[in-house]
Amino acid sequence: MIDPKFIVERKNFVEDIKKSFQQRYRQKSLMIFNFGAGFPKGKECLECCEGCTTENCIEPKKRKLIRKEIESRLEHHVCFPEEFDLDVPAIDEKIILREENIDLVIILPESFGSRYEFSNYSQDPQIAPLLRIFVPTKYHPLKVNREEQSILSNGYLIHLTKYGHVYSYKDDRELIEKILLLCESYAHLKYYEELDI
């Protein structure tokens, strides 16, 4: 018969290991870039959205909500390229994405500029695997009828075929939940890879 004292000690030992693991895991933070529709009033929009009635602020507000949720719920870091005073964004952003330790790049291709960013970065073999593309369900390449397929939806399909990571969403709530789930899952994978398990 097993000594009950041994069972209690074993349980405490396992709990200590679990707490240690959780503490070390929480210290691992992802660096995430978030691309999408630009902020119409530049840096002023980055600092405050409260009470803004600008009609073309809907998509940028979505980006700010994504950042708020990731940073508050998962404690990862989210950057907007607009926060860096880049001389030539198309080139400088590429250098940052290649050279810095960026874990994920979330793109909401909802504007001309963010569609260009998707097109540009999805062609770069160093950056493309980092991309996580989120499109409304009606534009997802597996939902679009072949007759209605555009150059952009074809680009999504090519990226989906080669790298995966093109996701659909029906509303902002689903978008946030999917992004949080993917970030959390990626953080787990990264941590386990570092442990070499």
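The values are calculated or read from the model by the stated rules, or taken from the named source; none is laboratory data. Because the structure is a prediction, the values reported are computed rather than measured. Cβ sites come from the backbone with ideal geometry, for glycine too, and all protein chains shown count toward neighbours.
Of all residues in the stretch 59-95, count the ones that are touching a residue at least 24 places away in the same chain (Cβ under 8 Å) and either under 23 Å from Val166 (Cα atoms) or surrounded by fewer than 16 Cβ atoms within 10 Å (Cβ to Cβ) (or both).
Looking only at that region, the number is 22.
Do we have Asp103 as touching a residue at least 12 places away in the same chain (Cβ under 8 Å), among the acidic types (Asp, Glu) and more than 19 Å from Val78 (Cα to Cα) here? Quick ask: steps written out before the conclusion?
Working: touching a residue at least 12 places away in the same chain (Cβ under 8 Å): yes; among the acidic types (Asp, Glu): yes; more than 19 Å from Val78 (Cα to Cα): no.
For Asp103, the condition - touching a residue at least 12 places away in the same chain (Cβ under 8 Å), among the acidic types (Asp, Glu) and more than 19 Å from Val78 (Cα to Cα) - is not met.
Could you list all residues from the stretch 178-197 that are out of contact with any strand residue (DSSP E or B) (no Cβ under 9 Å at 6 or more places or on another chain), surrounded by 12 or more Cβ atoms within 10 Å (Cβ to Cβ) and at pLDDT 95 or above?
Leu180
Looking at (1) farther than 15 Å from Val105 by Cα; (2) among the β-branched types (Val, Ile, Thr); (3) under 19 Å from the mean Cα position of the chain (by Cα), which is the only condition Ile179 fails?
Going through (1) farther than 15 Å from Val105 by Cα; (2) among the β-branched types (Val, Ile, Thr); (3) under 19 Å from the mean Cα position of the chain (by Cα) one by one, Ile179 breaks only (1).
For the stretch 133-157, how many residues are at pLDDT 95 or above and in a helix (DSSP H, G or I)? Can you show your working first?
First pass over the stretch 133-157, keeping only residues at pLDDT 95 or above: 133-135.
When the remaining residues are screened for being in a helix (DSSP H, G or I), the result is none.
Residues in the stretch 133-157 being at pLDDT 95 or above and in a helix (DSSP H, G or I): 0 in total.
Filter the stretch 98-121 down to the residues that are surrounded by 21 or more Cβ atoms within 10 Å (Cβ to Cβ) and part of a helix (DSSP H, G or I) and list them by number.
Correct list: Glu117, Phe118, Tyr121.
Please tell me if Arg115 is in contact with a Leu (Cβ under 7 Å, 6 or more places away or on another chain), free of Cβ contacts under 8 Å to residues at least 40 places away in the same chain and closer than 17 Å to Ala37 by Cα.
Yes: the conditions hold for Arg115.
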